[in-house]
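> Below you will find the structure I want to go over with you.
The values are calculated or read from the model by the stated rules, or taken from the named source; none is laboratory data. Note that the structure is a prediction, hence the values are computed from the model and not measured. A quick note on method: Cβ atoms are made from the backbone with ideal geometry, for glycine too, and the neighbour counts reach across all protein chains shown.
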Amino acid sequence: MLTLIEKIIFIIFVITSLALAYKTFKRMFQIISRGAEPISWSDTIKNFPKGIQIFLSQQTLFTTRPIVGFIHALVAWGFTIYMLVNVFDVIAGFVHGFDFFPNTIAGFIYRLFVDIFSVLVFSGVAFFLIRRFISNEEKLVISDPVYLSPEAKNGVRKDSLLVGLFILFHVGGRFVSASFLIAQNQSDAAQPFATMLASLLQGMTQSQLVLGEHISWWFALGLILAFIPYFPLSKHAHLFMAPLNFMIPDDRANKGLIKPINFEDESIEQFGVANMEHLSQKSILDSYSCIMCNRCQDNCPAYQTGKELSPSAIEINKRYYLNANGQSFADGAEVPLKDLLLTDNALWACTSCNFCVTVCPVGNAPMMDIIAMRQDKVMMESDFPNELTATFKNLETNFNPWAFNQQDRTNWTEGLDIKTLAEDQGGEILFWVGCSGSFDARYQKVSQAFAQIMKKAGVDFRILGTEEKCNGDTARRLGNEYLAQSLMQENIETINNYGVKKIVTACPHCFNSIKNEYPQFGGNYEVLHHTEFIDNLIKENKISIKNGDTVQKLTYHDSCYIGRYNSIYDEPRNALNSIESVKITEPKRNKDEGFCCGAGGGRMFLEEDAGTRINEERTKELLSTGAGTIASACPFCMTMINDGLKAEEKNEEVIVKDVAEIILEHIK
């Protein structure tokens with residue numbers, strides 16, 4: 001129990017700590033409030049159960065790095081228990097003889113949990129400190145410091161060390177305090193680890209034990225009071241900001257959805273993001289949620305192939321700039337983002353694969369910041385790579401990203417007796433062919449194969465033919481939102497005029513746009529990817545599958561836009577596995593951890609001149625499976641992997657086929 005003087009001093013420290021903490025927390029939320037697109041706090045509060053559930057379960061840590069995630073979860077759970085422990089320790093210091101249910105089962109369980117989790121938290125934090133500062137694990141660092149701002153370069157390791165040592169010393173101090181108390185009372189069966197330490201203190205006098213208990217009590221609780229004002233500035237803020245991040249209504253974390261710009265609103269003066277204050281409030285809050293684990297880099301195709309882009313650096317640079325300059329920003333200073341969050345080269349390196357969004361354990365979405373910054377570059381500054389000039393022009397005039405004549409969209413149908421909706425408005429489903437399926441010589445064969453499968457299954461389908469235009473994905477991911485919306489709205493008007501309810505497409509980019517983004521503009525349809533459709537046809541016995549003459553060893557490449565964007569992993573594999581003579585060998589990175597082909601985000605139309613080529617790295621990985629056939633379900637992926645095979649001089653030995661082509665070969 002504390003003396004009267006100690007109680008007075010402690011109360012003064014508490015008041016001082018809370019006053020300073022109020023100031024830093026207030027500044028944090030002033031900073032967040034400078035952002036555009038205000039957070040709906042009323043809707044956020046309604047999601048409180050979701051935040052608590054994520055906080056307590058720590059479920060988001062287990063998607064990748066499961067072992068490390070489990071250790072982190074133990075630390076988080078232990079630290080959560082310590083919030084309650086600290087309250088009881090303060091009461092014990094102020095109330096003579098206080099002990100939390102000392103002779104009850106509840107008290108026994110409480111002390112046992114605290115004892116066990118003290119050791120677990122101490123060990124876990126020690127593990128993380130060794131991992132970051134002694135073994136210098138590659139995954140915990142950003143390979144090239146050029147990605148980081150000056151503030152971030154100096155702050156990352158310092159902050160990680162301070163937070164780690166704080167937890168280590170706080171838990172250690174409290175554990176030692178419990179040991180001094182046990183040594184005074186001989187033993188406590190509920191605290192076996194603390195009792196072991198207490199056995200080393202048996203030579204001390206009672207007064208020495210009491211003094212030791214007081215010193216360690218002050219050390220443990222004093223650290224808490226010293227840390228609270230620093231908390232909002234530290235990476236430890238993620239402890240509370242991450243659950244809050246998940247509570248804020250935000251579709252980005254689910255589908256990588258781009259929020260549409262209302263071009264009819266004449267009050268909007270800025271399209272996209274040029275300055276820090278143009279970022280949404282949610283995006284600014286992301287920086288305070290970041291745990292700096294760098295998971296977003298693990299499979300980032302740009303980062304992993306030596307480009308300048310680090311999705312982790314985007315959030316880290318935000319955080320440390322705001323820590324250093326937050327007051328001036330909160331007071332209204334304009335903060336241009338050029339070269340602050342990322343370089344121009346990094347901006348255009350993103351393939352929009354969505355890995356950084358889906359893998360982030362705290363709900364951040366750095367990819368969305370990249371797209372918003374591209375919008376500013378394209379629509380406000382007309383500052384974009386030269387190659388895109390032709391791409392945008394082709395989309396505007398030819399309604400496809402190449403220079404093909406719109407009147408040639410139906411050339412692939414020759415001899416197949418396929419009707420357009422203009423010719424016959426019947427049909428149960430619209431086959432959305434897409435630009436690649438219409439014009440690319442290789443992917444025209446996929447369109448033909450899928451059309452033949454539907455005919456064999458008796459599916460009554462139609463196409464739009466020359467009325468179909470690019471779905472808008474390429475323009476949208478490149479930041480040309482105005483052009484994208486023009487294409488999307490024109491397509492929606494056409495589709496709606498025909499009363500279409502159900503659409504199937506063999507292009508993941510078309511699929512994702514029409515399924516998830518067209519509803520933003522009044523286009524609401526049931527949309528299936530052709531691998532889903534084929535899987536259904538097989539399950540419903542509308543087509544029968546035969547075996548090949550020999551076992552066909554193949555590997556399947558997951559497209560980002562049907563995989564991470566839409567969680568379609570099993571359907572293409574189910575279709576392929578329906579052929580008993582086919583043996584699928586998975587590449588090292590597959591399904592939700594699959595590696596991008598390098599063509600998304602408009603990268604299909606940009607040169608790749610930094611680091612190694614993404615498609616070649618992915619192709620090598622697919623070749624390492626030993627498969628003679630690489631199955632794909634995306635026109636961009638097929639092109640990129642074929643180019644990768646040529647680069648590896650394997651195009652004569654290994655072939656790339658779409659799932660539809662493989663199934664057609666095995667239909668009875």
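> For the stretch 131-148, check the following and say yes or no: at least one residue is within 30 Å of residue 302 (Cα to Cα), in contact (Cβ under 8 Å) with a residue 12 or more places away in the chain, surrounded by fewer than 21 Cβ atoms within 10 Å (Cβ to Cβ) and among the acidic types (Asp, Glu).
Yes, the stretch 131-148 contains a residue that is within 30 Å of residue 302 (Cα to Cα), in contact (Cβ under 8 Å) with a residue 12 or more places away in the chain, surrounded by fewer than 21 Cβ atoms within 10 Å (Cβ to Cβ) and among the acidic types (Asp, Glu).
> Just for the stretch 391-400: of the residues that are part of a helix (DSSP H, G or I) and touching a residue at least 24 places away in the same chain (Cβ under 8 Å), which one is nearest to residue 448 (Cα to Cα)? Lay out the reasoning, then the answer.
Going residue by residue through the stretch 391-400, those that are part of a helix (DSSP H, G or I) are 391-397.
Going one step further and asking which of them are touching a residue at least 24 places away in the same chain (Cβ under 8 Å), we end up with 391-392, 395-396.
Working: 391: 26, 392: 28, 395: 24, 396: 27 Å.
Only one residue fits best here, namely 395.
> Just the residues that are of a type in the set (Val, Ile, Thr) and in contact with a Ser or Thr (Cβ under 8 Å, 6 or more places away or on another chain), please, taken from the stretch 520-555. Quick ask: steps written out before the conclusion?
We begin by selecting, within the stretch 520-555, every residue of a type in the set (Val, Ile, Thr); these are 527, 531, 534, 538, 543, 545, 550-551, 555.
527, 538, 545, 550, 551, 555, listed by residue number.
> With respect to the numbered conditions (1) more than 14 Å from residue 409 (Cβ to Cβ); (2) surrounded by fewer than 20 Cβ atoms within 10 Å (Cβ to Cβ), which one is the sole condition not fulfilled by residue 494?
Residue 494 satisfies every listed condition except (1).
> Need the failing condition index for residue 345 against (1) assigned to a loop (DSSP other than H, G, I, E, B); (2) surrounded by fewer than 23 Cβ atoms within 10 Å (Cβ to Cβ); (3) at pLDDT 90 or above, just the number.
The single condition residue 345 does not satisfy is (1).
> Something else now. Conditions: (1) surrounded by fewer than 17 Cβ atoms within 10 Å (Cβ to Cβ); (2) closer than 26 Å to residue 513 by Cα; (3) not small (Gly, Ala, Ser). Residue 585 meets all but one. Number of the miss?
Only one criterion is unmet by residue 585, namely (2).
> Tell me, please, whether a residue that is aliphatic (A, V, I, L, M), without any contact (Cβ under 8 Å) to a residue 24 or more places away in the chain and surrounded by fewer than 18 Cβ atoms within 10 Å (Cβ to Cβ) can be found in the stretch 401-410.
Applying the first criterion (aliphatic (A, V, I, L, M)) to the stretch 401-410 yields 403.
Retained after the next criterion (residues that are without any contact (Cβ under 8 Å) to a residue 24 or more places away in the chain): 403.
Then drop every residue that is not surrounded by fewer than 18 Cβ atoms within 10 Å (Cβ to Cβ), which leaves 403.
Yes, some residue in the stretch 401-410 is aliphatic (A, V, I, L, M), without any contact (Cβ under 8 Å) to a residue 24 or more places away in the chain and surrounded by fewer than 18 Cβ atoms within 10 Å (Cβ to Cβ).
> Another question, if that's okay. Please determine whether any residue of the stretch 414-431 is within 32 Å of the chain's Cα centre (by Cα) and either modelled with pLDDT under 95 or surrounded by fewer than 21 Cβ atoms within 10 Å (Cβ to Cβ) (or both). Break it down into steps so the answer makes sense when it comes.
First, pick out the residues of the stretch 414-431 that are within 32 Å of the chain's Cα centre (by Cα): 431.
Filter again for either modelled with pLDDT under 95 or surrounded by fewer than 21 Cβ atoms within 10 Å (Cβ to Cβ) (or both), leaving none.
The answer is no, given that none of the residues of the stretch 414-431 is within 32 Å of the chain's Cα centre (by Cα) and either modelled with pLDDT under 95 or surrounded by fewer than 21 Cβ atoms within 10 Å (Cβ to Cβ) (or both).
> Given the criterion in contact with a strand residue (DSSP E or B) (Cβ under 8 Å, 6 or more places away or on another chain) and not assigned by TED's automatic domain parsing to the domain that holds residue 437, identify the matching residue among 620, 553. Give the derivation first.
On the way: 620 fails: in contact with a strand residue (DSSP E or B) (Cβ under 8 Å, 6 or more places away or on another chain).
That would be 553, the only listed residue that is in contact with a strand residue (DSSP E or B) (Cβ under 8 Å, 6 or more places away or on another chain) and not assigned by TED's automatic domain parsing to the domain that holds residue 437.
> I've got another one for you. What's the total number of residues in the stretch 576-597 that are within 14 Å of residue 622 (Cα to Cα), assigned to a loop (DSSP other than H, G, I, E, B) and either among the small types (Gly, Ala, Ser) or over 24 Å from the mean Cα position of the chain (by Cα) (or both)?
2
> Just wondering, is there one or more residues in the stretch 203-219 that are surrounded by fewer than 17 Cβ atoms within 10 Å (Cβ to Cβ), under 22 Å from residue 117 (Cβ atoms), in contact with a Gly (Cβ under 9 Å, 6 or more places away or on another chain) and modelled with pLDDT of 90 or more? Break it down into steps so the answer makes sense when it comes.
Filtering the stretch 203-219 down to residues surrounded by fewer than 17 Cβ atoms within 10 Å (Cβ to Cβ) leaves 203-208, 210-211, 215, 219.
From what is left, the residues that are under 22 Å from residue 117 (Cβ atoms) are 219.
With the extra rule that they be in contact with a Gly (Cβ under 9 Å, 6 or more places away or on another chain), the set shrinks to 219.
The next check asks that each one be modelled with pLDDT of 90 or more; those that pass are 219.
Checked against the condition, which is being surrounded by fewer than 17 Cβ atoms within 10 Å (Cβ to Cβ), under 22 Å from residue 117 (Cβ atoms), in contact with a Gly (Cβ under 9 Å, 6 or more places away or on another chain) and modelled with pLDDT of 90 or more, the stretch 203-219 yields at least one hit.
> Among (1) closer than 17 Å to residue 633 by Cβ; (2) touching a strand residue (DSSP E or B) at 6+ places or on another chain (Cβ under 6 Å); (3) charged (D, E, K, R), which single condition is residue 570 missing?
Among (1) closer than 17 Å to residue 633 by Cβ; (2) touching a strand residue (DSSP E or B) at 6+ places or on another chain (Cβ under 6 Å); (3) charged (D, E, K, R), the lone unmet condition for residue 570 is (2).
> Against the condition of a type in the set (Phe, Trp, Tyr), surrounded by 14 or more Cβ atoms within 10 Å (Cβ to Cβ) and touching a residue at least 24 places away in the same chain (Cβ under 8 Å), how does residue 100 come out, does it pass? Spell out the reasoning first.
Details: of a type in the set (Phe, Trp, Tyr): yes; surrounded by 14 or more Cβ atoms within 10 Å (Cβ to Cβ): yes; touching a residue at least 24 places away in the same chain (Cβ under 8 Å): no.
For residue 100, the condition - of a type in the set (Phe, Trp, Tyr), surrounded by 14 or more Cβ atoms within 10 Å (Cβ to Cβ) and touching a residue at least 24 places away in the same chain (Cβ under 8 Å) - is not met.
> In addition: State the number of residues belonging to the stretch 552-571 that are assigned to a loop (DSSP other than H, G, I, E, B), surrounded by 24 or more Cβ atoms within 10 Å (Cβ to Cβ) and in contact (Cβ under 8 Å) with a residue 60 or more places away in the chain.
7
> Determine which member of the set 474, 466, 494 is hydroxyl-bearing (Ser, Thr, Tyr) and out of contact with any Lys or Arg (no Cβ under 9 Å at 6 or more places or on another chain).
474
> Here are some residues: 31, 15. Which one is surrounded by fewer than 18 Cβ atoms within 10 Å (Cβ to Cβ), modelled with pLDDT of 90 or more and not acidic (Asp, Glu)?
Numbers: 31 fails: surrounded by fewer than 18 Cβ atoms within 10 Å (Cβ to Cβ).
The unique qualifying residue is 15.
> Does the stretch 616-665 hold any residues that are part of a loop (DSSP other than H, G, I, E, B) and either under 30 Å from the mean Cα position of the chain (by Cα) or touching a residue at least 60 places away in the same chain (Cβ under 8 Å) (or both), and which are they? Give the derivation first.
Taking the stretch 616-665 as the starting set, the residues that turn out to be part of a loop (DSSP other than H, G, I, E, B) are 624-628, 633-634, 648-654.
Matches in the stretch 616-665: 624, 625, 626, 627, 628, 633, 634.
> Looking only at the stretch 169-207, which residues are within 21 Å of residue 102 (Cα to Cα) and among the aromatic types (Phe, Trp, Tyr)?
175, 180, 193, listed by residue number.
> Among the candidates 197, 181, 201, single out the residue that is in contact (Cβ under 8 Å) with a residue 24 or more places away in the chain and in contact with a helix residue (DSSP H, G or I) (Cβ under 7 Å, 6 or more places away or on another chain).
Numbers: 197 fails: in contact (Cβ under 8 Å) with a residue 24 or more places away in the chain; 201 fails: in contact (Cβ under 8 Å) with a residue 24 or more places away in the chain.
Within the list 197, 181, 201, the selection yields 181.
> For residue 382, all conditions in the list (1) in contact (Cβ under 8 Å) with a residue 12 or more places away in the chain; (2) among the polar types (S, T, N, Q); (3) in a loop (DSSP other than H, G, I, E, B) hold save one; what is the number of the exception?
(1)
> For the stretch 322-336, does any single residue satisfy the condition of being touching a strand residue (DSSP E or B) at 6+ places or on another chain (Cβ under 6 Å) and of a type in the set (A, V, I, L, M)?
In the first step, residues of the stretch 322-336 are kept if they are touching a strand residue (DSSP E or B) at 6+ places or on another chain (Cβ under 6 Å); the result is 334-336.
Now restrict to residues that are of a type in the set (A, V, I, L, M): 335.
Yes, because at least one residue in the stretch 322-336 is touching a strand residue (DSSP E or B) at 6+ places or on another chain (Cβ under 6 Å) and of a type in the set (A, V, I, L, M).
> Being surrounded by 14 or more Cβ atoms within 10 Å (Cβ to Cβ) and over 25 Å from the mean Cα position of the chain (by Cα) is true for just one of 93, 155. Which residue is that?
Just a single option satisfies the conditions, and that option is 93.
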